Amino acid sequence: MKIRTRLTMQFLLIGGVIMILASLSIYYFSAKYRQEAFFDRLRAKARMTSNLLIEAKLNPGLIEQMERNNPVKLNSEKIVIISSIDDTVFTTDYNNEIRFSYVIIANIRAGKQIIYKQDDYDIMGSLYRLSNDRYVVLAAAIDSEGKRHLEKLKLILLIVCLVSILIFTVAGWIYAGRALRPISNVVKRVDQISVTSLNLRIDEGNAKDEIGRLAATFNRMLSRLEKSFTVQKDFISNASHELRTPLTAINGQLEVISLKDRTNDEYKSAIKSVLEDTRSIIDLANRLLLIARTSAEGPVHSSSKIRMDEILWQSRDELVRFNKNYQVNIILDDSVDDESQMTVTGDESLLKVAISNLMENGCKYSNDHTVHVRIRSSDSHIRITFKDNGIGITPEEQLKVFEPFYRSLNAKSFPGTGIGLLIVKQVIENHNGSITLTSEPGHGTEVVITLPLSQV
């Protein structure tokens, strides 16, 4: 069922229930008022007849004559007055149409006012006291006029309900259409958006109601998708280029070698060059896999306790072992006086990759191939600073260094793929940490990572 149909039915149901309840209430209170007003007239009639007969001591025949000539008498009016010894002292019920039992008479004499129905008659019995005498007065009549008004009221209320239901249906359909029109516009606009047109956006209207906020949220999602597709496209293009360069070099060298016989030294030189290009491809492939892993896994949920000082020393030893001219100085701040201030929770291998990348970058881009690492700690976080005296990065390029395959202009002459800092950023953020970079061309670069300490 469509939302518009469902809203119309709900609108109709609510309006219909309200109208029916209102009509029933009107009819009920009108009927009750009709009955009370009619019995008030019966009571007044019985009281007047009793006064004329008992107090004024008028002749019953005269009273009957007066009743027959009364222009405002009730329809089919019957008055019966019974004395204390059960004698009927006055009656206009000549055909004995009004029936009453001894129980009714006894209840009236006990001081109760009795009201009951008999066929079309409404009957009221009351007690009339005079000195030591007590008379039972029964008054009956047919309220044909009141009942006719009630029937007319019932018909009017029925017609009003039916017409109201029709109006509610039409109004609900129009209201639902107007309420859902922004959603219909969103659906139409979304149908126009594809991979090739992610730049399109949805009209947010006033951006204050629910539909406007939904459109704004969807537009933000489209912006993220557009950015993601752009990054993915650039990533594939750059990765293809990075892979094609060493593969082309390998292919060219092998083709040249195969043209004619070479000396052993020439073969060794060619094999060495091919091995270097192969290692470059393997290193790039490993880094790409690492990017895919850190992107897919998201926040790390490992419960392993890791000593960051041990990670730093291990990374330093491995880096220096393969690069004899690299130097890493690790400084422990005075704020660290306990091993718990250096313990974090996470993935040891990923953190080691991130630390190694930062150390290698600091040494590689410095003229003295030296990086200074300082460890600081607070109550809840450990802060590790990597400071070098290298070539530095311009402020404009600092905004892009965490993008895949981006390399600053002054770093083009150094070997690298431009994805190391991206890996570092993803690893640190997956460990609920943060990374900041500040640099000045010619005066080096400082990278600060902050990680939450493990909870004991």
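One line per residue, one yes/no per condition, for (1) assigned by TED's automatic domain parsing to the domain that holds residue 54; (2) surrounded by fewer than 12 Cβ atoms within 10 Å (Cβ to Cβ):
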residue	(1), (2)
107	yes, no
117	yes, yes
122	yes, no
132	yes, yes
139	yes, no
169	no, no
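The residue of the stretch 382-418 that is surrounded by the fewest Cβ atoms within 10 Å (Cβ to Cβ), among those that are within 42 Å of the chain's Cα centre (by Cα) and among the basic types (Lys, Arg), is 400.
Checking each residue in the stretch 393-445 for being of a type in the set (Val, Ile, Thr) and assigned to a loop (DSSP other than H, G, I, E, B) picks out 393, 394, 401, 417, 419. Does the stretch 45-55 contain at least one residue that is loosely packed, with under 14 Cβ neighbours inside 10 Å and at pLDDT below 80? Checking the stretch 45-55: at least one residue is loosely packed, with under 14 Cβ neighbours inside 10 Å and at pLDDT below 80.
The set of residues in the stretch 167-223 that are in a loop (DSSP other than H, G, I, E, B), farther than 30 Å from residue 17 by Cβ and charged (D, E, K, R) comprises 201, 203, 204, 208. Listed by first and then second residue, the pairs linking a residue in the stretch 243-261 that is among the small types (Gly, Ala, Ser) to a residue that is part of a helix (DSSP H, G or I), with Cβ atoms under 8 Å apart and 6 or more places separating them unless they lie on different chains, are 249/273; 249/277.
Residue pairs whose Cβ atoms lie under 6 Å apart, sitting 6 or more positions apart in sequence or on different chains, and linking a residue in the stretch 363-381 that is in the same structural domain as residue 415 (by TED's automatic domain parsing) and among the aromatic types (Phe, Trp, Tyr) to a partner that is assigned to a strand (DSSP E or B) and surrounded by 19 or more Cβ atoms within 10 Å (Cβ to Cβ), are 365/390.
Checking each residue in the stretch 397-410 for being of a type in the set (D, E, K, R) and under 13 Å from residue 437 (Cβ atoms) picks out 397, 400, 403. Cβ separations smaller than 6 Å between residues 6+ apart or across chains give the following pairs from the stretch 315-337 residues that are touching a residue at least 12 places away in the same chain (Cβ under 8 Å) to residues that are assigned to a helix (DSSP H, G or I) and of a type in the set (Lys, Arg): 315/352; 328/316.
The values are calculated or read from the model by the stated rules, or taken from the named source; none is laboratory data. Keep in mind that what you see is a predicted model, and the values were worked out from it rather than measured. Positions of Cβ are backbone-derived with ideal geometry, glycine not excepted, and every protein chain shown enters the neighbour counts.
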